[in-house]
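Data first, discussion second: the structure below is written as structure tokens.
The values are calculated or read from the model by the stated rules, or taken from the named source; none is laboratory data. On a predicted model such as this, the values are computed, not experimentally measured, just so you know. Note: ideal-geometry Cβ built from the backbone for every residue, glycine included; neighbour counts use all protein chains shown.
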Amino acid sequence: MIRINENYLKLQASYLFKDIGDRVAAFQKAHPDREIIKLGIGDVTRALPEACVKAFHSAVDEMADDSTFRGYGPDQGYPFLTEKIVEFDFKSRGADISCEEIFISDGAKCDTGNIQEIFAQDIKIAIPDPVYPVYLDTNVMAGRTGRFGNGRYESVHYLDGTRENGFVPGLPETPVDLIYLCFPNNPTGAVADRGVLEAWVSYARENRSLILYDAAYEAFVRDTHIPRSIYEIEGAREVAIEFRSFSKTAGFTGTRCAYTVVPKDCVGYDAGGGKHFLHTMWQRRISTKFNGVSYPVQKSAAAVFSAEGRSQVASLVDYYMKNAALIRKEMTDLGYECVGGTNSPYIWIDGKADSWDFFDMLLNTAGVVCTPGAGFGTCGKGFIRISAFNSHENVQEAMIRIKKALQK
Ligand code: MLT
């Protein structure tokens, strides 16, 4: 008899964005003439930067010729990409990271989901609420939580993000081992300044815990005093793993390329207190379960760092941030309190109503898809998230429709 992993039975029925996708598909089926504008899942809509497309084409041509063809690539990614990452994403900001500490992958979702495999089952995990659901669900699947009740899983230390703390949760009052942080935050768009990150790093050092730092949205940070990487903070190399992605930065959601930084100074402990390097463990996991990102995709990602690529990516980010500013302004003018949208592509809005009712109302009345805050955790109840990833025209049209719907 084949037995199942019963931890899966503890999960909520379906993944948030699948749930929303199904509701939107059902609505579209019932109303085939309605034109829906999607500002729900953070999926980019603009073409890849020209420099990336050029590099992609030319790498495909190399694959078409025996003399330049490539088979399996290096486990951690090609040096032509990791060297650029180190130079532009870290050295330029005074962060000490080396090429061997970068692991190229097909997505921050996969990496933030898979990384928990290298940790013990009985560690104490601290997870923000509201939160990107992947951190929580993958720990549920792994059996690191108890049952679900009243909107929360047993045995998880929730870090509450509230209006009062500006959606930047404070340090836990009791010791925790593994801490998930995401800044600029998905879903709230809140950012952490240097002081906040210094406090977390020093907490982790004191408690021998580890921070999993999701920086997938760092390219949207506008304020120069806000750190883009946790490694800008002294001492972070020993207590933090960082996740980055080309998805939102350079329009790679469909192309797939990201990377994880595991510094060689990060250690974990066995039951007897013996130290083990997390870099060695993650390398072992990667070489066993992953065969890398395709050569053309890595070439295309490396083009992000060319002079042409950097300027095109900057325009792409500016484009979406213009949408974010419009959404934030319109919703504020309508009397709704907003967080985010200034250093992030997400605007977190106090809907002054049940999140799912607000979602349904916007879909039915305005034909606009948002994401209900309640889907990100109990602290998200009453909020909605609007994403800036769409064309200017669609965002302008969506705001006209939303205004009409809310002023009714
Ligand atoms: C989101 O909308 O929260 C993101 O697009 C999800 C993701 O990046 O997986």
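For the reader, a short list of remarks on this structure follows.
- Inclusion of Ala199 among residues that are within 16 Å of the ligand (Cβ to nearest atom) and either buried (at least 17 other Cβ atoms within 10 Å of the Cβ) or of a type outside the set (Val, Ile, Thr) (or both) is not warranted.
- Residue within segment 227-236 that is within 15 Å of the ligand (Cβ to nearest atom) and in contact (Cβ under 8 Å) with a residue 12 or more places away in the chain present: no
- Residue check, Asp357 outside the structural domain of Asp214 (by TED's automatic domain parsing) and acidic (Asp, Glu): yes
- Long-range neighbours under 9 Å by Cβ, at least six apart or interchain, first residue within 16 Å of the ligand (Cβ to nearest atom) within segment 337-354, second assigned to a strand (DSSP E or B) and among the basic types (Lys, Arg): Gly340/Arg385; Tyr346/Arg385; Ile347/Arg385; Trp348/Arg385; Ile349/Arg385
- Where Asp106 falls short, out of the listed (1) within 16 Å of the ligand (Cβ to nearest atom); (2) closer than 22 Å to Tyr231 by Cβ: (2)
- Taking the criterion of being buried (at least 17 other Cβ atoms within 10 Å of the Cβ), within 13 Å of the ligand (Cβ to nearest atom) and part of a helix (DSSP H, G or I), the residues of segment 14-67 that qualify are Leu16, Ile20.
- The condition of being more than 26 Å from the chain's Cα centre (by Cα) and at pLDDT 95 or above holds for only one of Val44, Val53, Val60, that being Val60.
- Qualifying position, being closer than 30 Å to Thr378 by Cα and either away from the ligand (no atom under 16 Å from the Cβ) or under 25 Å from the mean Cα position of the chain (by Cα) (or both), among Tyr78, Tyr8: Tyr8
- Unique residue being modelled with pLDDT of 95 or more, within 19 Å of Asn5 (Cα to Cα) and not aromatic (Phe, Trp, Tyr) when the list is Ala126, Ala142: Ala142
- Considering residues of segment 237-285 that are at pLDDT 95 or above, among the polar types (S, T, N, Q) and within 16 Å of the ligand (Cβ to nearest atom) only, the residue farthest from the chain's Cα centre (by Cα): Thr255
- Among the residues of segment 327-336, those that are assigned to a helix (DSSP H, G or I), surrounded by 15 or more Cβ atoms within 10 Å (Cβ to Cβ) and away from the ligand (no atom under 16 Å from the Cβ) comprise Arg328, Glu330, Met331.
- Some residue of segment 213-231 being basic (Lys, Arg), buried (at least 18 other Cβ atoms within 10 Å of the Cβ) and in a loop (DSSP other than H, G, I, E, B): yes
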